[in-house]
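Undergrad: To start, I am sharing the structure in question, which I have written as structure tokens.
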Amino acid sequence: MLIKKPADLKYSDITPKSIYVDRRKFLAGAAGVGAAMLGGRVVLDVISPRTTALAGTKLSGYSKSPLSTNEPRTPYNDVTQYNNFYEFGSDKDDPAVNAKNFRTSPWTVSVEGNVTKPQKFDMDAILKMAPLEERIYRLRCVEAWSIVVPWIGFPLSALLQKVEPTPKAKFVAFETFYDPKQMPKARGTGIEFPYREGLRLDEAMHPLTLVCVGMYGETLPPQDGAPVRLIVPWKYGFKSIKSIVKITLVEKQPRTTWNMAAPNEYGFYSNVNPKVDHPRWSQAKERRLGEFLKRPTLPFNGYADQVENLYSGMDLRKYF
Amino acid sequence: MLCLVPAARLGWKAFHGGLGPNPIEFITHETGDWILIFLVLTLAITPARKLLGFPDLIRFRRMVGLFAFFYSFLHFGTWIGLDKFFDWPEMVADVAKRRYITVGFTGFLLMIPLAVTSTAGWVRRLGGKRWQALHRLIYLTAVAGVVHYYWLVKSDVRKPVMYGSMVFLLLAYRVTVRLQERRRRAAGQARSLVSTAS
């Protein structure tokens, strides 16, 4: 007997749309009260600025990866108060404030496209998908600053193997959650939403590429891409897409947000490369947060030994 | 005194660790904002005197303008001493290569003669007309400042556009006044011609 695969559950099936909309109305009322409180909060902040961001839930049972760097970690407060997450505003201190009430549960990541087993994973499934590891990686932003962060996650390859990419799959496209109601500050920041990123399949399968669910021993704070994000340590930070809801295996190189905004400034590959300047600033050096003097930027952010074979024979000036 | 508040705030924050995870960037952005604010204020004084009827405001123009220079000095100094840490070859390369730095640097250079000749003695030495002509360089500085900002942001152009529209309005006011004066003069000449003819 042939058992047909049940139709995929759509996100909109989970909550009837009417309730979904009504809940917003309810929340709108609450938002008025919230705004009044926030006004008081701002005054309080001026008097005694917050020094700690909202802490996440402790994660346990993760191992320490030998792929970690032994460089000193950037203080937690720097990593949580200095963010690029344009959905929550374009200033570095915006996301810590504006993402505070970001709803990250329930959460599903849909994996689809050229795969044998398209699936929707909830956070429980993702947390149990593979053994969690702590990986202390350098992260180099395209804006020439850098941090060292103990991420917690597992190789993206484990997730991709679960859905079995077909031979047609050549690239992986990622998409960030976008809800203009939860993310009113996204408007006017000059980039298109939902935020998109992409990798070549071999880059996605590389053991350094991480599905990240936590940092500093805890679940991710909203401003750092809760509940699940990507970490690609040898590429500029914007490739490490946050708050992922969709992963699609595709045949052609997918469109990516910063590349769409300024194709001459942000390439699809965006491998960290001190020799290829951003048209408007040098990439030769970087400022590690917490340090005064700039340090030289390393090719592939110091991961050249592990990844440069992915690009052998490629002109990295052309494919920047 | 009020004009010193932003600088004092920066100083206070610097001693209390309030400059955030990237203090040098914070100082650079903060001083940059204040340059544009003071440039806009300087340019707003003449229109405010005429349109709002506060001729006395002229007393503040020199001071406000000098504060624009003061904050550019801090901004430029931050870049030299903190950001680039006196790496002269790199700075020269940046000024030549990065157009936003080229234009920002130009704006700063143009302010130097204005700051130097801001004293009463220099007004006398140059003569009112020439002094005024020289000090119109501030128009270029303001435009350079806005372009500098516009060219350096990644994608969110709202703030540079805001400063840009203020500078545009303030310069448009001057152009309009000029045109009106010229028309009035032309009309006046025409009238005098008519009266001599009759």
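Undergrad: Using the beta-carbon distance between A:K170 and B:R174 and R0 = 45 Å, what value does 1/(1 + (r/R0)^6) give for FRET efficiency, to the nearest 0.05?
TA: E(calc), rounded to 0.05, equals 0.15.
Undergrad: Next up: I'd like the distance between the alpha-carbon centres of the range A:64-127 and the range B:77-156, rounded to an integer number of Å.
TA: So the two Cα centres are separated by 42 Å.
Undergrad: With Cβ to Cβ distances under 9 Å as the rule, what net charge do the other residues near A:K185 carry (K, R +1; D, E -1)?
TA: Summing Lys and Arg as +1 and Asp and Glu as -1 gives -1.
Undergrad: A 28 angstrom limit on the alpha carbon distance is what I want to check against. Which of A:K170/A:K242; A:K92/A:K168; A:K185/A:K318; A:K100/B:K13; A:K120/A:K181 exceed it?
TA: A:K92/A:K168; A:K185/A:K318
Undergrad: Please work out the Cα center distance from the range B:49-72 to the range B:12-27, rounded to the nearest Å.
TA: 30 Å
Undergrad: Another one. Quick one: helix B:5-15 against the long Cα principal axis of chain B, what's the angle to the nearest 10°, folded into 0 to 90?
TA: 0 degrees
Undergrad: Given Cβ point charges of +1 (Lys, Arg) and -1 (Asp, Glu) and nothing else, what value in debye, to the nearest 20, does the dipole of the protein assembly as shown about its Cα centre take?
TA: Using only the charged Cβ atoms, the result is roughly 2360 debye.
Undergrad: Sticking with this structure for a sec: Under 17 Å from a point 7 Å along the Cα-to-Cβ line of B:M63: which residues of the range B:1-24 have their amide N that close?
TA: B:1-8
Undergrad: Calculated from DSSP H runs of 4 or more alone, at -39500 (n - 2.57) each and per residue, what is the 222 nm mean residue ellipticity of chain B, nearest 500?
TA: After summing the helix terms and dividing by residue count, I get -27500 deg cm²/dmol.
Undergrad: Search the structure for amide H atoms under 5 Å from the amide H of A:I241, placed 1.01 Å from N in the peptide plane, and list their residues when 5 or more places away or on another chain.
TA: Those lying under 5 Å, H to H, from A:I241 are A:L230.
Undergrad: Tell me, what is the percent relative contact order of the range B:2-197, built from C-alpha pairs under 8 Å that lie six or more residues apart?
TA: For the range B:2-197, the relative contact order is 20 percent.
Undergrad: Okay, next question. For peptide B:87-97, what's the mean number of Cβ atoms from other chains within 10 Å of each residue's Cβ?
TA: Other-chain Cβ atoms within 10 Å of each residue's Cβ, averaged: 1.
Undergrad: Let me ask something additional. Between A:R103 and A:E291, how many nm apart are label points set 7 Å from Cα along the C-beta direction?
TA: Output for this residue pair reads 4.3 nm.
Undergrad: Take the Cα of A:A284, step 7 Å along the line toward its Cβ, and report every residue of the range B:83-101 whose backbone nitrogen sits under 16 Å from that point.
TA: Answer for the range B:83-101: B:83-99.
Undergrad: Still on this structure: Count charges around B:P55 for me, please; just the other residues with Cβ under 13 Å from its Cβ, Lys/Arg as +1, Asp/Glu as -1.
TA: After counting each charged neighbour, the total is +3.
Undergrad: Rounded to the nearest 0.05, what FRET efficiency is calculated for A:Y319 and B:A7 with R0 set to 60 Å and r the Cβ-Cβ distance?
TA: Approximately 0.85, to the nearest 0.05.
Undergrad: Over the range A:131-174, calculate the relative contact order: mean separation of alpha carbon pairs under 8 Å at least 6 apart, over the residue count, as a percent.
TA: Contact order relative to length: 32 percent.
Undergrad: Here's another thing I want to ask about it. Can you compute the modelled spin-label distance between B:L193 and A:S157, with each label point 7 Å from Cα toward Cβ, in nm?
TA: 8.8 nm
Undergrad: If amide hydrogens are placed 1.01 Å from N in the peptide plane, which non-local residues have theirs closer than 5 Å to the one on A:W145?
TA: Sorted by chain and number, the residues that satisfy this are A:R287.
Undergrad: Counting only residues 5 or more places away or on other chains, whose amide H sits under 5 Å from the amide H of A:K246 once H atoms are built in the peptide plane?
TA: Answer set, sorted by chain and number: A:S110, A:E175.
Undergrad: Give the residue list of trypsin sites (Lys or Arg not before Pro) in the range A:246-320 that are DSSP loop and have at most 11 other beta-carbon atoms within 10 angstrom.
TA: A:K252, A:K275, A:R317, A:K318
Undergrad: Out of the trypsin sites (Lys or Arg not before Pro) in the range B:130-198, which ones are loop residues according to DSSP with at most 16 other C-beta atoms within 10 Å?
TA: Loop-located and lightly packed - B:R136.
Read the figures in this text as sums done on the coordinates, not as results from a lab. What you are looking at is a predicted structure, and each value in this text was computed from that prediction instead of being measured. So basically every Cβ, Gly included, is an ideal-geometry build from the backbone, and we count neighbours across all protein chains shown.
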